[in-house]
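A short worksheet on the structure shown next.
The values are calculated or read from the model by the stated rules, or taken from the named source; none is laboratory data. Everything numeric here is computed off the predicted structure, so don't read it as measured data. Cβ atoms come from the backbone with ideal geometry, glycine included; neighbour counts cover every protein chain shown. Side chains included, ligands, DNA and RNA excluded: accessible areas come from the protein's heavy atoms. Shrake-Rupley method; radii C 1.70, N 1.55, O 1.52, S 1.80 Å.
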Amino acid sequence: MRLTIDYSRARRVLARRDPILRDLMRRHGPCGLADSQHTDPFVALLRAIISQQLSTKAAATIAGRVEALLDGRPRPSAVAGVTDAQLRAAGLSGQKVSYVRDLCGRIEDGTLPLKALDRMTDDHVIESLTQVKGIGRWTAEMFLMFRLHRPDVLPVGDLGIVKAVQRAYRLRTVPSPARLLRLGESWRPYRSVACWYLWASLDNAPLQE
């Protein structure tokens, strides 16, 4: 399932089908979807757990402390070598410590096969990741977009997407997930690219569910 997004083609398709997205693309230039990819899937998931309910700055600070605690080489085996108290001292809540332990345990026992995720369908990746405590659908969708670089993901639970659609399309009411899905039909198979431009229209990062 390893896919490469043809951004030139994506922009042409989206511009032809949706004049509002066309205007956003003209305003914001080349798509930066791939710019912030995490190449290590474990680090991407670890940071996703750390960042829950935190500002970008606070999450980056705590992630730096945790990675320093792990000698700059975050691995499930390295996490096993530190205590819960050490993780809490680095800034993790007790609940997030339990989430990180569950993530590491599932990777170590093979129930979450990180190396196989690239070969799974989007739905199978979501199903696999959401078995981990603390990882919901939104986190799995961000993993699809920013780690696996999947081109056709539409996270209808993302507050930024909801807000951007309401503003860009001048909707009177907050769009429901069903309405977002209907609107996004014309963006296939490049819904991830459309989402990047919607986020860019807010000058904002993805917002958690």
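Quick notes on this one:
- Expressed as a whole percent, the accessible surface of the stretch 119-167 that belongs to carbon and sulfur atoms is 50, based on a 1.4 Å probe.
- Dimensionless Rg over Rh [the stretch 54-126; C-alpha; Kirkwood]: 1.02
- Based on DSSP H segments of at least four residues, each scored -39500 (n - 2.57), the chain has a per-residue ellipticity at 222 nm of -16500 deg cm²/dmol.
- Coil-residue trypsin sites (Lys or Arg not before Pro) of the stretch 109-177, DSSP, other Cβ within 10 Å capped at 13: R170, R172
- Pairs from K57/K163; K96/K163; K115/K163 whose Cα-Cα separation, in the structure shown, is over 26 Å: K96/K163; K115/K163
- Cα gyration tensor shape for the stretch 72-169, rounded if a/c is under 1.5, else prolate or oblate: oblate
- For the stretch 36-88, the square roots of the Cα gyration tensor eigenvalues, ordered a ≥ b ≥ c, give a/c of at least 1.5 with a/b no greater than b/c, which places it in the oblate category.
- Across the chain, the volume of the C-alpha convex hull divided among the residues equals 118 Å³ per residue.
- Average accessible area per residue (Å²) across the chain - probe 1.4 Å, nucleic acids and ligands excluded: 51
- The chain: most fluctuating residue of L171, L24, L148 per GNM, C-alpha cutoff 10 Å: L171
- Cα shape, the stretch 145-187, gyration tensor, a/c 1.5 rule: prolate
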